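Q: Sharing a structure, written as structure tokens. Questions coming.
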Amino acid sequence: MTKREVRFTVNGEARAVLVEPRRTLGDTLREDCGLTGTHLGCEHGVCGACTVMVDGQPVRSCLMFGVQAEGAEIRTVEGLAAADGTLNPLQRAFWENHGLQCGYCTPGFLMLATWLLERGEPFGEEEMRHVLSSNLCRCTGYQGILDSVRQAARELGQWTESAPG
Amino acid sequence: MDGIGARLKRVEDAPLLRGEGRFLADLNRPGQLHMRVVRAAMAHGVLRGVDAEAARALPGVHAVWTGADVAEVPPISFRMMGLTHLDPYRQPILAQDRVRYVGEPVAVVFAEDPYVAEDAEELVFAEIEPLPPILSALEEPRDFDARHGTEAVVLRKGYGDVEAAFAAAAHVIELELACGRHSGVPMETRGALAFVDEGGVLRMLGAAKVPHHNRLALARMLGLEPERIHLHEGHVGGGFGIRGELYPEDALACLAALRLGRPVKWVEDRREHLLAANHSRQQTHRIRAAVDERGFVLGVDNVFFHDQGGYVRTHAVTVPDLAAAMLPGPYVWPAYRVAGHVRLTSKTPGGTYRAPGRYESSFVRETLMDEIARRLGKDPVEIRRVNLIPREAMPFDRRMDTLGTPLLYDSGDYHLLLDKALAHFRWDELQAGLAGRRAAGEMVGAGMGFFVEKSGLGPFDDVRITLDGQGNALLVTGAASIGQGVETSLAQVLAEVLGVEAARVRVVHGQTDAISRGMGAFATRVTVMTGNAIHIAGTKLRARLLAQAAKLLQRPEAALEARGGMIRAADGSGAEASIGTVVAAILAETGEEGLTEEGSFEAHHMSYPYGIHMAVARVDAGTRGVVIERLMAAFDVGRAVNPMLVEGQIAGGLAQGLGGAILEEFTYDAAGQPLAVTLADYAMPTASEVPPPEILLTEDAPSGIGFLGLKGAGEGGTTAVGAAIANAVSAATGRVVTALPITPGRVHRLIG
Ligand code: FES
Ligand code: FES
């Protein structure tokens, strides 16, 4: 199948890759950009392990084609820590609250939560649960993940106690 | 402090949080081919032939194999030896003349690109002449092949005089109870990357759980000397019993790497996973109990039917065996008889899934106990108190075997845990509140399930520990990690025993070329078995360190203590030396590069942790859906190496138990077509369905096995969750829940 060139930025870095039109964004990031931190858990849009940010919105990279990302600004889990590897407040909160076990779902949850933390509208327990219930984790039972996101939101001034759970 | 009991943050986490994990799909080898399995689209039939011509002609396709190409490879055997009566039921790596479930491998494609491999898969045509599918283990057995029936075996166990118990009974309680078909469904699907290295050794990445065993099994199947093959474990995205078993795809990838002379990579997709990886749990029990006036169970007679699916896989009959043996759980039950009919059906073959056999049998046992209470007009708590094994009876001989070991409960104070759990859950207050809500028209209730777990299955584990002159430790174990935090826990045990800092311990696991034998990670065994092996090796090292430090510090050994990477005089004089310095001094004398000791721990009995699950469930009057308002696990772990990790295991286990209780089920239509082939159909719990877990960890009954008092915590989060939720829904609706999962459809049939 003929390949097409697409250009986008990933974590601020400009990329130009040659991909088949049928190649998913997930595969494009993993196989053509070497960014294997984004995981594929179902490739049919249910698990959210493949969540990345495209132009500021959380997107399931298994449901989008690479060629659709032309000109987009993409962010993946590899862009969260500082250049020297220091964890950001959200990653640190996952570490401190045992927010991961096998770590397979973790990049997807981190990117989903990053969107929640950065959208500039504080959230409470109920909304956090609602948003995070779009991704699946089979190991933790979710409590550690919720504790982690809550801690990060508090630390970043994005938490509101008022919304009753 | 970073020894046993510390809530140490995990050493595993940082790379995973940065997206630097190395899961199987992340690995590549130059020149690799991509493998794609062609799977049967029919549940049962005669395989007349496979036409692969069009696929072979597709550009980029390197080879296509059908059954005939691998006919000489023996089918996949069982991990336990000596089960030749089950041999006819083993699965070939590609179907030969029959297909027995939708998803069975019938051909395999190797191509330059994974997308092309999928294109080619669609061009392969398997001609299958349909036969009627077998959809239930309750159906009468039929022919499996010309000489064998579909009832592979009937397991019989028991003790005591069951006839006399029923003759003496004041009441006989009977129930038919069914558990649905579930599986572990880890978020990472399976995969393998096989290649032959420069030295001519076949290597397979993507191993998990039991790499040492699978290495030998693959060597046998492929006709290789064991030295010519090694298995390697990388990051593993969840195991839960199903990952790491030897499946057809592992053998196909290895065989292809040998035959085609190129690396072969296989990554399963999710649909394949739901069709091809082991299913579990589906059983129907017909149980009868003989009960006296007080509600004391005099005897139990149980017959059950285990839906094994199309073949008997690596676990052989482990699951029904555990179900049969562990059904009596924490109760005295002086007489017991069980017959477990293991039957083949036209479904994905079965194996273990977290708390195998116990999730099912706990549902049966605990539903029975509640029903006894109802029939006798007594309190379910009281019925349990009357029947629990008293502390004075420990160690308690269950007078049955399972997995080749006698079922001997090592320790336990069941009444004490019941009291603690009731207080923690505020059970009595809760009952009043729930009665009020029911009077106001809500369908809401509380239920419990008591269970006995098992952990630390032997027979052995080895470790090799090497210290260097900088105070670092390298710990090599034959155990495996499936994402449960093994590296952190084992480092903590070594820190406790030896006084090194946990942060300086590097753990190597799951590599068959790093240590000659190993049992792997299953049956909640690693912390107990490997932990005790570390104790043995660590104690030897400690003796050598203290002897050397005594010379250095001019103090008698007895006056020294090792902690936090230092050896200090206990007299407060401040005399101290770092462990690295002491090791360096020893190495200077011996001329060796590292100070190494090995430890081997053997155990011929398991240890038996125990616990109680409690749940509050509400039935939505509109949707008939079950909502879990509260969920608790009270669990005695003997001794927790890292309470944070133990709580994590329990919390994850609770969610999986909840999934099996109300959401998850593999269903089939009348033609044997599976209806749950995506994660949208196989509904697993999300953050919306799982309430905040309530966890009560106790350490009242340290294990008498080994040196450290440890029992495992891998499965106790799950075991009786189905039971507790079923009893809660029964309390909510006033009708006995007889089948899991309690889906809206089942609730509707229950209450109309
Ligand atoms: S892999 Fe994209 S949603 Fe599951
Ligand atoms: S940590 Fe394993 S799936 Fe979430």
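Q: Please give the per residue accessible area of chain B, computed with a probe of 1.4 Å over protein heavy atoms only, in Å². Walk me through the numbers on the way to the answer.
A: Details: 24720 Å² over 752 residues.
Roughly 33 Å² per residue, with all protein chains present.
Q: List the residues of the stretch B:352-396 whose backbone N lies under 19 Å from a point placed 7 Å from the Cα of residue B:415 along the Cα-to-Cβ direction.
A: B:379-396
Q: Identify all aspartates and glutamates with a Cα-Cα distance to residue B:378 below 12 Å; exclude those on the same chain that are fewer than 8 residues away in sequence.
A: Cα-Cα hits under 12 Å: B:293, B:370.
Q: Could you compute the net charge surrounding residue B:595? Neighbours are other residues with a C-beta less than 13 Å from the C-beta of residue B:595; K and R count +1, D and E count -1.
A: On the way: positive: B:464, B:540, B:542, B:544; negative: B:468, B:589, B:592, B:593, B:597, B:598.
Computed value for this residue: -2.
Q: So, one more: Using square roots of five times the C-alpha gyration tensor eigenvalues, list the equivalent-ellipsoid semi-axes of chain A in whole Å, biggest first. Write down the numbers at each step before the final one.
A: Values: eigenvalues 165, 49, 42 Å².
For chain A, the ellipsoid semi-axes come out as 29, 16, 14 Å.
Q: Hey, got the dipole for the protein assembly as shown? About the Cα centre, +1 on K and R Cβ, -1 on D and E Cβ, debye to the nearest 20? Before the final figure, lay out each step's value.
A: On the way: 90 positive and 113 negative charges, 206 e Å.
That gives a dipole near 1000 debye.
Q: Under the definition of Cα pairs under 8 Å and six or more residues apart, what whole-number percent is the relative contact order of chain B? Each step should come with its number before you reach the end.
A: Details: 1930 pairs, mean separation 121.0, N = 752.
With pairs under 8 Å counted, the relative contact order is 16 percent.
Q: Could you compute the net charge surrounding residue B:620? Neighbours are other residues with a C-beta less than 14 Å from the C-beta of residue B:620; K and R count +1, D and E count -1.
A: Numbers: positive: B:437, B:618, B:624, B:746; negative: B:442, B:629, B:689.
The answer is +1.
Q: Let me ask another. Calculate the spin-label point distance for residue A:1 paired with residue B:680, positioning each point 7 Å from the Cα along the beta-carbon direction, and give it in nanometres.
A: Taking the simple label geometry, residue B:680 and residue A:1 are separated by 2.0 nm.
Q: Something else now. Stretch residue B:391-residue B:460 to full length: gain in nm at 0.36 nm per residue minus the Cα-Cα span? Mind dumping the intermediate values first?
A: Working: separation 69, 0.36 × 69 = 24.84 nm, distance 2.88 nm.
Once the chain is fully extended between residue B:391 and residue B:460, it gains 22.0 nm.
Q: Could you give the length gained on full extension between residue B:587 and residue B:227, defined as 0.36 nm per residue of separation minus the Cα-Cα distance, in nm? Kindly include the intermediate steps, with their values, before the conclusion.
A: Details: separation 360, 0.36 × 360 = 129.60 nm, distance 3.18 nm.
Full extension of this stretch gives 126.4 nm more.
Q: Separate question: Label points 7 Å out from Cα along the Cβ direction at residue B:627 and residue B:71: separation in nm?
A: For residue B:627 paired with residue B:71, the spin-label model returns 6.1 nm.
Q: Also, I was wondering about something else. Applying the Karplus parametrisation 6.51 cos²θ - 1.76 cosθ + 1.60 with θ = phi - 60° to the phi angles of the stretch B:69-75, what ³J(HN,Hα) value in whole Hz is obtained for each residue in order, glycine and proline being reported as x?
A: Calculated HN-Hα couplings, in order: 6, 10, 4, 7, 7, x, x Hz.
Q: Just the number, please: carbon plus sulfur as a percent of the accessible area of the stretch A:4-79, 1.4 Å probe, no ligands or DNA/RNA counted. If you can, show how the numbers build up before the last one.
A: Values: 1340 of 2980 Å².
Percent of accessible area from carbon and sulfur atoms in the stretch A:4-79: 45.
Q: For the stretch B:347-362, what does the Karplus curve 6.51 cos²θ - 1.76 cosθ + 1.60, with θ = phi - 60°, yield as ³J(HN,Hα) per residue in whole Hz, taken in order and with x for Gly and Pro?
A: Values, residue by residue: 9, 3, x, x, x, 8, 9, 2, 6, x, x, 8, 4, 5, 6, 5 Hz.
Q: Mind listing the long-range amide H neighbours of residue B:153? Cut-off is under 5 Å, sequence gap 5 or more, other chains count too, H placed in the peptide plane at 1.01 Å from N.
A: Amide H neighbours of residue B:153, under 5 Å, 5+ apart: B:342.
Q: Residues with amide H under 5 Å of residue B:401's amide H, sequence separation 5 or more or different chain, H placed in the peptide plane at 1.01 Å from N; which?
A: Residues meeting the criterion, in which the H sits 1.01 Å from N, are B:407.
Q: Please identify the longest segment of chain A free of exposed GluC sites (Glu not before Pro), where exposed means a DSSP state other than H, G, I, E or B and no more than 12 other Cβ atoms within 10 Å.
A: On the way: sites that count: A:70, A:161.
For GluC sites (Glu not before Pro) (loop position, at most 12 other Cβ atoms within 10 Å), the longest site-free span of chain A is A:71-160.
Q: May I pose another question? Magnitude of the Cβ-charge dipole of the stretch B:199-291, K/R +1 and D/E -1, about the Cα centre, nearest 20 debye? Kindly include the intermediate steps, with their values, before the conclusion.
A: Values: 14 positive and 9 negative charges, 58 e Å.
The dipole magnitude comes to about 280 debye.
Q: Further, regarding this structure: Would you be so kind as to list the residues of the stretch A:92-107 that have their accessible area lowered by at least 40 Å² in the full protein complex compared with their chain by itself (1.4 Å probe)?
A: Buried-area filter returns A:95, A:98, A:100, A:101, A:102, A:104.
Q: Which of B:60, B:662, B:507 sits farthest toward the positive end of the charge dipole of chain B, with +1 on the Cβ of Lys and Arg and -1 on the Cβ of Asp and Glu?
A: Towards the positive end, the residue furthest out is B:662.
Q: Another question, if that's okay. Any chance you could give the angle, 0 to 90 degrees and rounded to 10, that helix A:143-155 forms with the longest Cα principal axis of chain A?
A: 80
Q: Another question about this same structure. Taking the Cα centre of chain B as the origin, how large is its charge dipole in debye, to the nearest 20, when only Lys and Arg (+1) and Asp and Glu (-1) carry charge on their Cβ atoms? Don't skip to the end; give the middle numbers.
A: Details: 75 positive and 92 negative charges, 189 e Å.
It comes to approximately 900 debye.
Q: Additional query: Under a Cβ-Cβ cut-off of 15 Å, what is the net charge of the residues other than residue B:46 that fall near it, where Lys and Arg count +1 and Asp and Glu count -1?
A: Numbers: positive: B:48, B:98, B:100, B:142; negative: B:97, B:104, B:127, B:129, B:143, B:145.
So the surrounding residues net to -2.
Q: Taking 8 Å as the Cα distance limit and 6 or more residues as the minimum spacing, I'd like the relative contact order of the stretch B:463-565 as a percentage. Working shown, then result.
A: Values: 147 pairs, mean separation 33.6, N = 103.
Once divided by the residue count of the stretch B:463-565, the mean separation gives 33 percent.
Q: With a 1.4 Å probe on protein heavy atoms only, work out how much accessible surface B and A bury together, total over both chains, in Å² to the nearest 100.
A: Details: alone 26700 and 8440 Å², together 31090 Å².
In total, this chain pair buries about 4100 Å².
Q: Okay, next question. From the phi angles alone, apply the Karplus equation (6.51, -1.76, 1.60; θ = phi - 60°) to the stretch B:531-545 and give each ³J(HN,Hα) in whole Hz, x where the residue is Gly or Pro.
A: In residue order, the calculated couplings are x, 6, 5, 5, 4, 5, 5, x, 5, 5, 5, 4, 4, 5, 5 Hz.
Q: Per residue, what accessible area does chain A have, given a 1.4 Å probe and all protein chains present, in Å²?
A: Values: 6370 Å² over 165 residues.
Value for chain A: 39 Å² per residue.
Q: Just need the relative contact order of chain A here, percent rounded to a whole number, with Cα pairs under 8 Å and 6+ apart. Don't skip to the end; give the middle numbers.
A: Working: 307 pairs, mean separation 37.4, N = 165.
Reported relative contact order: 23 percent.
Q: Could you give the nm distance between label points at residue B:96 and residue A:130, where each point is 7 Å from its Cα heading toward the beta carbon?
A: Distance between the two pseudo-spin positions: 5.9 nm.
Q: Could you tell me what percent of the accessible area of chain B is made up of carbon and sulfur, with a 1.4 Å probe and every protein chain present? Please report the intermediate quantities before stating the final value.
A: Numbers: 12760 of 24720 Å².
Of the solvent-accessible surface of chain B, carbon and sulfur hold 52 percent.
Q: So who's got an amide H within less than 5 Å of the one on residue B:230, skipping anything under 5 residues away but keeping other chains? H placed 1.01 Å off N, in plane.
A: Those qualifying (amide H under 5 Å, at least 5 residues apart or on another chain) are B:202, B:203, B:204.
Q: Given the Cα-Cα distance of residue B:470 and residue B:58 and 0.36 nm per residue of separation, how much length would full extension add, in nm?
A: Numbers: separation 412, 0.36 × 412 = 148.32 nm, distance 5.80 nm.
Result for the pair: 142.5 nm of gain on full extension.
The values are calculated or read from the model by the stated rules, or taken from the named source; none is laboratory data. Fair warning: this is a prediction, and the values are worked out from it, not measured in the lab. No Cβ is skipped: glycine too gets one built from the backbone with ideal geometry, and neighbour counts run over all protein chains shown. These area figures cover heavy atoms from the full protein model, side chains too; ligands, DNA and RNA do not enter into them. Shrake-Rupley method; radii C 1.70, N 1.55, O 1.52, S 1.80 Å.
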